[in-house]
Amino acid sequence: MGDPLTQADIDREIADIGAAVAKAVAAGEPEPERVTRDYPPYRSSLLRHPRHPLILTEEAEVELRGPVFGVTDVTDLDRDLTLHHTGEPLGERITVTGRILDRAGRPVRGQLVEVWQANAAGRYAHQRDQHPAPLDPNFTGTGRCLTDDEGRYSFVTIKPGAYPWKNHVNAWRPAHIHFSIFGTAFAQRLVTQMYFPNDPLFPYDPIYNSVTGEAARQRMIARYDHDLSSPEWSLGYRWDIVLDGPSATWMEEGR
Ligand SMILES: [Fe+2]
């Protein structure tokens, strides 16, 4: 075993890859739109990212065996993560809303949108997360809703905290909310992450930076919307998700 990996080591690797991308763009190549699967600064992904083309399955076969949900399974309570326990969760109450759009800007209606996130202290209510930040007995951190006729989703939740992870010494993830969009069958599911504006941890995070195109990175960041904030109640963030095409939101690949 060598010396433990430091933030400076990771910073250098992120900068080198960023410089290579900038050089390629300057030479006329298009700015990268997709996540870079083989991204060495994100150490734990190195042994698990796909190295071969994905095997295409018969869609109909997967749909027969895959999980299904019914519109009636989703209630209005599911979209308010602050109401899932008897007490109020601690932290900064926020509304997150936006539209799911296809490449032509058309709304994607009736989509099951699921979210999961850490609590205000940066702790997940999950047994794998044992770092010494408090759990909140009034916050589980999962929610779901269906998009309306305008393709709009909306959640009320608590702004998640940053949390440490073991990629390298002093590795911290910027605050984020995980999003899943179900499609019409399990085989179509798309997963991504939403970030908050001006997070000081962006330059240090290899997951955020594994999306090597600047424009594509910016599309992962929600916009603070003062009109969406409620007096005496909550702050508002707006984030649209574009499923494909040139303005697509980055999605995790390799499922
Ligand atoms: Fe996370």
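A quick yes/no check of all residues on (1) more than 16 Å from the ligand (Cβ to nearest atom); (2) part of a loop (DSSP other than H, G, I, E, B):
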| position | (1), (2) |
| --- | --- |
| ARG144 | yes, no |
| ASN167 | no, yes |
| GLN193 | no, no |
| PRO200 | yes, yes |
| ALA216 | yes, no |
Could you say whether any residue in region 128-140 is away from the ligand (no atom under 11 Å from the Cβ) and in a strand (DSSP E or B)? no
Assess whether GLU150 counts as being in contact with a Ser or Thr (Cβ under 8 Å, 6 or more places away or on another chain) and at pLDDT 95 or above. no
Report every pair of residues separated by at least 6 positions or lying on different chains whose Cβ atoms are under 9 Å apart, first residue within region 176-191 and over 27 Å from ASN209 (Cβ atoms), second away from the ligand (no atom under 16 Å from the Cβ) and among the aromatic types (Phe, Trp, Tyr). PHE182/PHE69; GLN188/PHE182
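Restrict the check to region 221-233 and report whether at least one residue is within 17 Å of the chain's Cα centre (by Cα), within 16 Å of the ligand (Cβ to nearest atom) and either under 22 Å from CYS145 (Cα atoms) or modelled with pLDDT of 95 or more (or both).
Initially, region 221-233 is screened for residues within 17 Å of the chain's Cα centre (by Cα), giving 221-224.
Filter once more, keeping what is within 16 Å of the ligand (Cβ to nearest atom): 221-222.
When the remaining residues are screened for being either under 22 Å from CYS145 (Cα atoms) or modelled with pLDDT of 95 or more (or both), the result is 221-222.
Within region 221-233, one or more residues are within 17 Å of the chain's Cα centre (by Cα), within 16 Å of the ligand (Cβ to nearest atom) and either under 22 Å from CYS145 (Cα atoms) or modelled with pLDDT of 95 or more (or both).
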Scanning region 14-30 residue by residue, those out of contact with any Phe, Trp or Tyr (no Cβ under 9 Å at 6 or more places or on another chain) and closer than 19 Å to PRO206 by Cβ turn out to be ALA15, ASP16, GLY18, ALA19, ALA20, VAL21, ALA22
With the checklist (1) at pLDDT 95 or above; (2) within 30 Å of ALA121 (Cα to Cα); (3) surrounded by 13 or more Cβ atoms within 10 Å (Cβ to Cβ) in hand, flag the one item ILE17 doesn't pass. (2)
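The values are calculated or read from the model by the stated rules, or taken from the named source; none is laboratory data. Keep in mind the model is a prediction, meaning the values are calculated, not measured. Using ideal geometry, Cβ is built from the backbone for each residue, glycine included, and neighbour counts are taken over all protein chains shown.
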